[in-house]
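The values are calculated or read from the model by the stated rules, or taken from the named source; none is laboratory data. Nothing here was measured: the structure is a model prediction, and the numbers come from that model. Virtual Cβ from ideal backbone geometry, glycine too; neighbours counted across all protein chains shown.
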Amino acid sequence: MIGLVVFSILSVLVHDLLKAAISLAAASIFLALLFFRMNATYAGVFEISVVAGLITVLFITAIALTRSDEHVQESKYHLLVFPLFFLALVIIDILVMKNLLGKIPAVTSPETGTFGEILWKERSFDLIGQIGVIFAGVLAVLALFRSRIKSQQGGKHE
Amino acid sequence: MNNFLILNMGAAALLIGIGIYCLLTMKNMVKLLIGIEIIAKGVTLALVATGMTKNNLMLAQSLVISVIVVDVAVIATALAIIISINRHTKSLDVRKLTKLKG
């Protein structure tokens, strides 16, 4: 858990984007280990394969494609502001969390059945939504890259 | 078990706070996406911790998988938009995206 929070902070504070993406992948691996410790194996496997694998590859590809000489100037006060913000967050967290957790409603009946049964029978509407989101994402990426190829071809003709 | 839930929910709240800080202060577009990713990590941790404590781990895992799938679609689309913007402005700075500004 400490590794997860530390690597998340590193990915925010590190200036180099490549190092930030790798820190994010390391944080994902720590989160997956936490899932495995909680017996949530399916979530852990998804976290490692999709978030630590696929999303990191996407980030690194995008960083490689957008490498420019210009350095984005961030605020100079990060090293001063972030510890104060983090400290305030921890104090609020400790004060609020205990009171909030008592209000989580109890589950009426403990679940029965395997992961597959619950995913296919109870959450089938979610699956339709997920398929829709994936198609929308694919179409958006295709549309963005196709318009760029067209504009490049137009530039060559001129 | 309750202490375990408090610890995990505290970590989840910290992750969401770090992600919001990143979204509010960073100027680099890729860093903003990293902030969104950190918030998604906090949400998944909160879901699994609550599912485990309330004896509903399978349902929590199915919700986590939904979150991860939606997250991947969002990140892929946003990175494609960032690459497209970078070809036009030659920069990753959000302050240079002022063409729609009145």
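Look at B:ILE85 and say whether it is in a helix (DSSP H, G or I) and surrounded by fewer than 21 Cβ atoms within 10 Å (Cβ to Cβ).
So B:ILE85 fits the description; yes.
Only one residue in A:THR56, A:THR61 is polar (S, T, N, Q), more than 9 Å from chain B (Cβ to nearest Cβ) and surrounded by fewer than 22 Cβ atoms within 10 Å (Cβ to Cβ). Which one?
A:THR56
Output the residues belonging to the range A:25-53 that are surrounded by 14 or more Cβ atoms within 10 Å (Cβ to Cβ), hydroxyl-bearing (Ser, Thr, Tyr) and free of Cβ contacts under 8 Å to residues at least 60 places away in the same chain.
The answer is A:SER28, A:THR41.
For the range B:20-36, what are the residues that are at pLDDT 90 or above and closer than 15 Å to A:VAL6 by Cα?
Selection gives B:ILE34, B:GLY35.
I need a count of the residues in the range A:8-19 that are buried (at least 22 other Cβ atoms within 10 Å of the Cβ) and in contact with a Ser or Thr (Cβ under 7 Å, 6 or more places away or on another chain).
Here the count works out to 1.
Just give me the residues in the range A:13-24 being free of Cβ contacts under 8 Å to residues at least 24 places away in the same chain and either more than 13 Å from the chain's Cα centre (by Cα) or not in a helix (DSSP H, G or I) (or both), in sequence order.
Matches in the range A:13-24: A:VAL14, A:ASP16, A:LYS19.
Output the residue which, of all residues in the range B:16-48 that are touching a residue at least 60 places away in the same chain (Cβ under 8 Å) and either charged (D, E, K, R) or assigned to a helix (DSSP H, G or I) (or both), is nearest to B:ARG95 (Cα to Cα).
For the range B:16-48, the residue satisfying everything is B:LYS27.
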